[in-house]
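These notes are about the structure you will find just below.
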């Protein structure tokens, strides 16, 4: 038994407690879990909760977790999704061992087990159309009715089923159904479909099959083939568990897995329905599955969210059977908390305003020492070029500043980060009256940001040398939806945020940002955390804002 079972400091929830009980009783020797995505789209943050739970539990208890694709609907599946899912799971920090599993690996065995049910009188071939089946199924308050084909003999059903496999019938003409109970209070037990005819090339098996098992039939039996001990699903599968158990009990499967359900992850200001995400992508409301505004793992990664921050966030979520919605600000908090520790600091100006330092010698430049991380001296320092002409943020100047504005204004002195004190002496405007340039003087004695006479300034602003600046496109991302529950009134597209992205084409960066690596977020001082976008090239710098600096969730938690 793994030591985790006796560790009182280890995580506790109803799933882990059940596993400890199973290990202690000897009913389970080795914990085996699985993460079973359907390859019909990209993974999102809701899947991350399941990934972390399944892989995390296997690791905690010294077991293993299979990555298995439930590839039973080839009409919606693509190799692109299979590849992306594997990449996402690896990015999150998990490994499934020597090989990937597929439900399609077991198509022949599943077919044979379907024949087993037919021979036992527990499955039949039905000729009803999908609409007719729905009409016969009944409602939540009214029982269903038996299909007129329900009492066919086993021999007749077996003949029809084999002819279905051989391709004799058109798509949808017949289906194999379990014979359970059309009056059951659980609609999933009202003779559910086990196989349907579908002529669609499969990503792995090609045209070898023209009928495919349903998810409900393939899922539990594949669990049994793989020796899964704890099949962990989200709550929407709770009503499917009686069918899962019925199939396990009525088939000669090699093991007896058990299904346990937990609450799914819901986030404010986003949608986690694969159908709705697909709609956003296909209707081009976003730029693709990896758009940084989406909650897909590919989108979060492109936005610069560290995988470790996502794991920390999920570790804080309770594993319960009660659905709830988590504030997106809580996720933001964990992203900021990690990046504050790990991201090195750099200077960038997003909305440039030019300054000419009139008493700085023309043609002269110097390198100033700048710390890479104020909280981690081991990160060292870098050299930042300084010259007579610099750029600062336009928001750091006001011609008629209010009392508590401590940045630049006419006659005001401020500190340039790592550099000198400067004083604004003149304001240059264009014909429309817009400020285009400032003239300033500097105090050479304040190099490094401190005055030898002890005088203080209230404001410190960042800057970039005009001569050395790197021109970059910077993309500022915000919530994709304005409403915390998109679609609460029925139309989720009505809540799309028209200002969810702002593209600034001519930002100026300090030259060290040329060496920024992909997947390596940095803090633009005073502005937020940013990462290099895949659109960047050797000749074109493109950065995405991962998140701003203000942490509203942490402040809210601190209130009494």
| request: Check the range 477-493 and report whether any residue there is closer than 29 Å to residue 299 by Cα and part of a strand (DSSP E or B). | output: yes
| message | Among the residues in the range 50-63, are any more than 19 Å from residue 213 (Cα to Cα), modelled with pLDDT of 95 or more, assigned by TED's automatic domain parsing to the domain that holds residue 193 and in a strand (DSSP E or B)? | response | no
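Can you name the residue in the range 21-35 that is within 14 Å of residue 227 (Cα to Cα) and under 33 Å from the mean Cα position of the chain (by Cα) and, of all such residues, is surrounded by the fewest Cβ atoms within 10 Å (Cβ to Cβ)?
Filtering the range 21-35 for residues within 14 Å of residue 227 (Cα to Cα) gives 27-35.
Next, from what is left, pick out any that are under 33 Å from the mean Cα position of the chain (by Cα): 28, 30-35.
Values: 28: 19, 30: 13, 31: 21, 32: 21, 33: 27, 34: 26, 35: 24.
The extreme case among them is 30.
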| For the range 170-251, which strands (runs of 3 or more DSSP E) that fit wholly inside it have 1 or more residues that are closer than 26 Å to residue 129 by Cα? | 175-178, 193-197, 211-213
| field | Answer from 370, 426 - the residue that is outside any loop (DSSP other than H, G, I, E, B), modelled with pLDDT of 95 or more and within 36 Å of the chain's Cα centre (by Cα) | value | 370
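Find the residue count for the range 192-204, including only residues that are in contact (Cβ under 8 Å) with a residue 60 or more places away in the chain and either touching a strand residue (DSSP E or B) at 6+ places or on another chain (Cβ under 7 Å) or on the phi > 0 side of the Ramachandran plot (or both).
The first filter runs over the range 192-204 and keeps only residues in contact (Cβ under 8 Å) with a residue 60 or more places away in the chain, leaving 193-195, 198, 200-204.
When the remaining residues are screened for being either touching a strand residue (DSSP E or B) at 6+ places or on another chain (Cβ under 7 Å) or on the phi > 0 side of the Ramachandran plot (or both), the result is 193-195, 198, 204.
Here the count works out to 5.
From 534, 486, grab the single residue that is under 19 Å from the mean Cα position of the chain (by Cα), under 26 Å from residue 338 (Cα atoms) and either assigned by TED's automatic domain parsing to the domain that holds residue 307 or crowded, with 19+ Cβ neighbours inside 10 Å (or both).
Numbers: 486 fails: under 26 Å from residue 338 (Cα atoms).
Going through 534, 486 in turn, just one is under 19 Å from the mean Cα position of the chain (by Cα), under 26 Å from residue 338 (Cα atoms) and either assigned by TED's automatic domain parsing to the domain that holds residue 307 or crowded, with 19+ Cβ neighbours inside 10 Å (or both): 534.
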| field | residue 494 at pLDDT 95 or above and either over 24 Å from the mean Cα position of the chain (by Cα) or assigned by TED's automatic domain parsing to the domain that holds residue 421 (or both) | value | no
| Given the conditions (1) in a helix (DSSP H, G or I); (2) assigned by TED's automatic domain parsing to the domain that holds residue 119; (3) free of Cβ contacts under 8 Å to residues at least 60 places away in the same chain, and given that residue 256 satisfies all but one, which numbered condition is not satisfied? | (1)
| message | Can you tell me which condition residue 502 does not meet? The list is (1) without any contact (Cβ under 8 Å) to a residue 60 or more places away in the chain; (2) in the same structural domain as residue 414 (by TED's automatic domain parsing); (3) closer than 21 Å to residue 395 by Cα, and all the others hold. | response | (2)
| Only one residue in 118, 51 is within 30 Å of residue 174 (Cα to Cα), surrounded by 23 or more Cβ atoms within 10 Å (Cβ to Cβ) and in contact with a helix residue (DSSP H, G or I) (Cβ under 9 Å, 6 or more places away or on another chain). Which one? | 118
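Does the range 383-399 hold any residues that are assigned to a strand (DSSP E or B) and either more than 15 Å from residue 462 (Cα to Cα) or without any contact (Cβ under 8 Å) to a residue 60 or more places away in the chain (or both), and which are they?
Within the range 383-399, 383, 397 meet the criteria.
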| query | Taking residue 519, is it touching a strand residue (DSSP E or B) at 6+ places or on another chain (Cβ under 8 Å), modelled with pLDDT under 95 and part of a loop (DSSP other than H, G, I, E, B)? | reply | yes
| field | Subset tally (residues that are within 18 Å of residue 227 (Cβ to Cβ), out of contact with any strand residue (DSSP E or B) (no Cβ under 6 Å at 6 or more places or on another chain) and surrounded by 18 or more Cβ atoms within 10 Å (Cβ to Cβ)) for the range 89-115 | value | 4
| What do you reckon, is residue 227 surrounded by fewer than 19 Cβ atoms within 10 Å (Cβ to Cβ), in the same structural domain as residue 72 (by TED's automatic domain parsing) and modelled with pLDDT of 95 or more? | yes
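Name the one entry in 150, 134 that is outside any helix (DSSP H, G or I), surrounded by fewer than 19 Cβ atoms within 10 Å (Cβ to Cβ) and either under 24 Å from the mean Cα position of the chain (by Cα) or not assigned by TED's automatic domain parsing to the domain that holds residue 302 (or both). Break it down into steps so the answer makes sense when it comes.
On the way: 134 fails: outside any helix (DSSP H, G or I).
None of the other options fit; the residue is 150.
The values are calculated or read from the model by the stated rules, or taken from the named source; none is laboratory data. Source: prediction; values computed, not measured. Note that each Cβ is placed from the backbone with ideal geometry, even for glycine, and that neighbours are counted across all protein chains shown.
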